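The values are calculated or read from the model by the stated rules, or taken from the named source; none is laboratory data. Note that the coordinates shown come from a computational prediction; the quantities given were computed from them, not determined experimentally. All Cβ positions, even for glycine, are placed from backbone atoms using ideal geometry, and neighbour counts span all protein chains on display.
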Amino acid sequence: MSGPYDPSGVHSVIGVDAGTTTLREADHLIRDLSATLALPPDTVACTHLIRTETRRGTAVSLALPEDGERLEDIWRHLTEMDLAATWDDRSHGPAEAAAFAAAEHAARRSGRAVLYAGVDRLTGTVTVADLLNSTAIDQLRVVGAPLTTPDPTTPILTQDHVRPEWHEGQLVLALVPAVGNTLAPFEVPNPTPCCADHPN
């Protein structure tokens, strides 16, 4: 099964490197860019781990369902924010990590999706059928289980944190068994750092 997302409508992928080091920082960067740039609703924004001799951290990619003047405006704003970025044959700043993120997303080889069609519906508990029918997620995989789609009526405890990943051209969400014959995303929301309970 697959969601209503139509990849043919995505024309351009922009890679951005703001020097983030963790997935949490990259998630915040995507939220900030979405608000600042007023990204279109069907934008697919992903995080990517960067592991090179010169860079250890994360970069992000933005697949935009628009072209033309609006895309030019988004690119101009990114360069004015002085972020390393790449778009097609254009680049701004030291954009090696940004180029990697854009290429991986464009080929749908890798990328952990933070923004995608239907993500706003994934709050509280939803069923397998609801998730697949109302979002861009193409496939569900239960860790340690056979490669079959779970029963459509199975509840999924989203914890308001659902991060599918590109794998061989599809957005795939990893799940684990949870209490009461339910499922939950394999990736949990960021745990509270141990120092949070300590006095300053």
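For Ala129, the conditions (1) part of a helix (DSSP H, G or I); (2) of a type in the set (A, V, I, L, M, F, W, C); (3) not assigned by TED's automatic domain parsing to the domain that holds Val172 are fulfilled apart from (3). Across the stretch 144-179, the number of residues qualifying as of a type in the set (S, T, N, Q) and without any contact (Cβ under 8 Å) to a residue 12 or more places away in the chain comes to 1. Any residue at all in the stretch 147-164 that's assigned to a loop (DSSP other than H, G, I, E, B), of a type in the set (A, V, I, L, M, F, W, C) and at pLDDT below 95? Checked against the condition, which is being assigned to a loop (DSSP other than H, G, I, E, B), of a type in the set (A, V, I, L, M, F, W, C) and at pLDDT below 95, the stretch 147-164 yields at least one hit.
Restricting attention to the stretch 5-43 and to residues that are among the small types (Gly, Ala, Ser), modelled with pLDDT of 95 or more and not in a loop (DSSP other than H, G, I, E, B), the residue that is farthest from Leu64 (Cα to Cα) turns out to be Ala26. Of everything listed in (1) touching a strand residue (DSSP E or B) at 6+ places or on another chain (Cβ under 6 Å); (2) at pLDDT below 95, the single unmet condition for Ala106 is (2).
Considering Ala184, Ala99, Ala196, the condition of being over 16 Å from the mean Cα position of the chain (by Cα), modelled with pLDDT under 95 and among the aliphatic types (A, V, I, L, M) is satisfied by Ala196 alone. Taking the stretch 62-110 on its own, how many of its residues are hydroxyl-bearing (Ser, Thr, Tyr) and part of a loop (DSSP other than H, G, I, E, B)? Number of matching residues: 1.
Just one of the listed residues (Ala63, Ala35, Ala45, Ala103) is touching a Gly at 6+ places or on another chain (Cβ under 8 Å), outside the structural domain of His161 (by TED's automatic domain parsing) and not β-branched (Val, Ile, Thr), and it is Ala103. Does any residue of the stretch 127-145 turn out to be over 24 Å from Val13 (Cβ atoms) and loosely packed, with under 12 Cβ neighbours inside 10 Å? There is at least one residue in the stretch 127-145 that is over 24 Å from Val13 (Cβ atoms) and loosely packed, with under 12 Cβ neighbours inside 10 Å.
Across the stretch 83-92, the qualifying residues are those that are touching a strand residue (DSSP E or B) at 6+ places or on another chain (Cβ under 8 Å) and farther than 8 Å from Asp17 by Cβ, and the one among them that is surrounded by the most Cβ atoms within 10 Å (Cβ to Cβ) is Thr86.
Scanning the stretch 44-61 for residues that are in a strand (DSSP E or B) and not hydroxyl-bearing (Ser, Thr, Tyr) yields Val44, Ala45, Cys46, His48, Leu49, Ile50, Arg51, Arg56, Gly57, Ala59, Val60.
Taking the stretch 102-151 as the range and being of a type in the set (Ser, Thr, Tyr), under 15 Å from Val162 (Cβ atoms) and over 19 Å from the mean Cα position of the chain (by Cα) as the test, the residues that pass are Thr125, Thr127.
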